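The values are calculated or read from the model by the stated rules, or taken from the named source; none is laboratory data. Model, not experiment: these values are computed from the prediction. Using ideal geometry, Cβ is built from the backbone for each residue, glycine included, and neighbour counts are taken over all protein chains shown. These accessible areas exclude ligands, DNA and RNA; they are computed on the full protein's heavy atoms, side chains included. Shrake-Rupley method; radii C 1.70, N 1.55, O 1.52, S 1.80 Å.
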Amino acid sequence: MARKAAIIGGGVIGGGWAARFLLNGWDVAVFDPDPEAPRKLGEVLDNARAALPALSGGPMPVEGRLSFAGTITEAVEGAEYIQESVSERLELKHRVFAQIQQVAPDTPLGSSTSGFKPSQLQQNAANPAVIFVAHPFNPVYLLPLAEVVPSPASDPAVIEAAKEILREIGMFPLHVRKEIDAHIADRFLEAVWREALWLVKDGVATTEEIDEAIRMGFGLRWGQMGLFETYRVAGGEAGMKHFMAQFGPCLQWPWSRLTDVPEFTEELVDLIAGQSDAQSGHHSIRALERIRDQNLTGFLRVLKERNWGAGKVLLEHDARRRANLPAPVPGDGPMEAARLTVLPGWIDYNGHMTESRYLFACSETVDAFLRHIGADIAYVGTGFSYYTAETHLVHLGEAKLGDALTGTVQVLAADEKRLHLFIRILRNGQPVATLEQMLLHVDMARGKTCAAPQAILDRLLPIAQAHAALPRPEAAGRHVGQRSS
């Protein structure tokens, strides 16, 4: 039975939370009195379905069930986790918390608040120990950061449990050690926002020029290194000390006006809004969201390939999912070893899966089989591995975006040094590609073939013996260009 999360408030942030939980297999109940909430949340969910799977290294879990509750009570009943995302009015949040805790006084209750401290949220609560800040960033379904802020009244066990739930849905819970207005990230954003307002007001830059300065420069650096690590690199070989010595005196120079806030006049609002309309008004909000999601997806996948920053969180999330998948089990036929989903980055200009990704799917299948017989990454660390000596890939069908693929392995022959495999990549039970492969067991230090250890042979040879009774694939042994019978 799927676990349940309750989302109170289904706007941009609440909708993002709902999408994050749903696409990670949780059932979600949403309460929002806005009659347009189902439509708005549905549009956010459509965007999330198009974007989040592109960050996954494997198939997504079965999507959870979404329901809209008529009352807060109905929404939170049976929930394992509750996330509040209503408007930033403290008295409203207190009323919502009181209603929630009439039914679910002991359920972890996170607030998406951007500025209130948890001690403010906990005032007069039936059970303040389970209320905390879980402040995300938009789009919640893509960006991993959630600032988790407890107060001295918070139950540490509840906070740790909530952090684990956030990790399970692919987020990065940043435990803020001391409660403070606006937490950590929004304080930086507020400082940059104030300075940007002055730059526009004083005619130094337009809204577009300021955005270009961020996205073409330090924004990309911050996205993969943050602030202090970026400046450490800027210090050269001498590191942060040199940077501080060189640029520290600048703090005394009148470079910014962060302590001087411009008055919010109608003229300033009109100036900012007009420039922003000129910059981006030709796109709808939904189109801008899709553009943003596509860019973030590409950026995050690059970070993932390098095991860096937010990409490291994605890799760890993939590893958690992979650990929960059932191990390959020998049966009466070829062994199912891998399940994959055709992702956006796998598609060529024809809308079909690229040649390299067919080979990748086969490689993932072989790697899963090798892990099953004990030749995993830990075994490679001992100095031995299976190397591919020959490969023959045959394309039989077309795989398209979103297709679910299954990789199966048939052992054609195996001995102490050689492993002869036949791989099928199936869509709806029918092969879209086959791959015949010969692998050799190698002593990597010597660069020569050698006998595999008995522990691996004890797992491999019984499979080879069972597969010897299977019909030999018609394509086995084919040469390139040979006609099929």
## Note on the structure
Cα-based Rg then Dmax for region 438-485, in Å, read 15.6, 44
### Task
Evaluate the Kirkwood expression for the hydrodynamic radius of region 142-278, namely the inverse of the mean inverse distance over all pairs of different C-alpha atoms, and round to one decimal in Å.
18.3 Å
### Summary
Applying the gyration tensor rule to the Cα atoms of region 329-480 (axes a ≥ b ≥ c; rounded if a/c under 1.5, else prolate if a/b exceeds b/c, else oblate), the class is prolate
### Message
Which one, Val269, Val103, Gly351, is farthest towards the positive end of the dipole of the chain when Lys and Arg carry +1 and Asp and Glu -1 on their Cβ?
### Response
Gly351
### Message
Compute the distance from the alpha-carbon center of region 257-307 to that of region 129-156, in whole Å.
### Response
24 Å
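Say the cut-off is 31 Å between C-alpha atoms; which of Lys93/Lys304; Lys117/Lys312; Lys117/Lys241; Lys40/Lys117 go over it?
Beyond 31 Å between Cα atoms: Lys93/Lys304; Lys117/Lys241.
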### Task
Measure nothing fancy, just the Cα-based angle from helix 37-51's long axis to the longest principal axis of the chain, in degrees from 0 to 90, nearest 10.
40 degrees
### Message
Using a probe radius of 1.4 Å on heavy atoms only, what accessible surface per residue do you get for region 331-377? Whole Å² is fine.
### Response
48 Å²
### Query
When ligands, DNA and RNA are left out and all protein chains stay put, how many square angstrom of accessible area per residue does region 149-250 have with a 1.4 Å probe?
61 Å²
### Surface accessible to a 1.4 Å probe, per residue, for the residues of region 412-485, Å²
57 Å²
### Whole-Å distance, taken between Cα centres, linking region 216-239 and region 444-485
49 Å
### Message
Under 10 °C and 1.306 mPa s, how fast does region 406-485 diffuse according to Stokes-Einstein, given a Kirkwood radius computed over C-alpha pairs? Answer in µm²/s, whole number.
### Response
112 µm²/s
### Query
Ignoring ligands, DNA and RNA, what percent of the accessible area of the chain is carbon or sulfur (1.4 Å)?
56 percent
## Note on the structure
Here, the chain modelled as identical Cα point scatterers in vacuum has Debye log10 I(q)/I(0) at q = 0.07, 0.12, 0.13 Å⁻¹ of -0.52, -1.17, -1.26
### Summary
Those chymotrypsin sites (Phe, Trp or Tyr not before Pro) from region 215-245 that are DSSP loop and have at most 15 other Cβ neighbours within 10 Å turn out to be none
### Query
So what does the Cα-only Debye profile of region 413-455 read at q = 0.19, 0.21, 0.22, 0.28 Å⁻¹, as log10 I(q)/I(0), no solvent term?
-0.66, -0.72, -0.74, -0.93
### Qualifying GluC sites (Glu not before Pro) for region 226-324 [loop in DSSP, other Cβ within 10 Å: at most 12]
Glu263
### Task
Please determine, in degrees from 0 to 90 and to the nearest 10, the orientation of helix 355-372 with respect to the longest principal axis defined by the Cα atoms of the chain, where the helix direction is its Cα long axis.
80 degrees
### Message
Can you give me the angle between helix 12-23 and the longest principal axis of the chain, using Cα atoms only, in degrees from 0 to 90, rounded to the nearest 10?
### Response
20 degrees
### Summary
Rh_Kirkwood(region 82-213) over Cα pairs, Å, one decimal, evaluates to 15.9 Å
### Task
For Arg221 and Glu316, calculate 0.36 nm times their separation in residues minus their Cα-Cα distance, and state this gained length in nm to one decimal.
32.0 nm
### Task
Using only protein heavy atoms and a 1.4 Å probe, report how much of Met244 is accessible, in Å² to the nearest 10.
110 Å²
### Task
Per DSSP H run of n ≥ 4, the term is -39500 (n - 2.57); total these for the chain, divide by its residue number, and report the mean residue ellipticity at 222 nm rounded to 500 deg cm²/dmol.
-12500 deg cm²/dmol
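Once fully extended, how much extra length lies between Leu393 and Thr449, figured as 0.36 nm per residue of separation less the alpha-carbon to alpha-carbon distance?
So the chain would gain 17.7 nm between Leu393 and Thr449.
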### Message
How big is the dipole moment of the chain about its Cα centre under a simple scheme where the beta carbon of each Lys and Arg is +1, that of each Asp and Glu is -1, and everything else is neutral? Debye, nearest 20, please.
### Response
1560 debye
### Task
Could you please state, rounded to a whole Å, how far the C-alpha centre of region 341-398 is from the C-alpha centre of region 18-56?
32 Å
### trypsin sites (Lys or Arg not before Pro) within region 175-232, DSSP loop, no more than 13 other Cβ atoms inside 10 Å
Arg177, Lys178
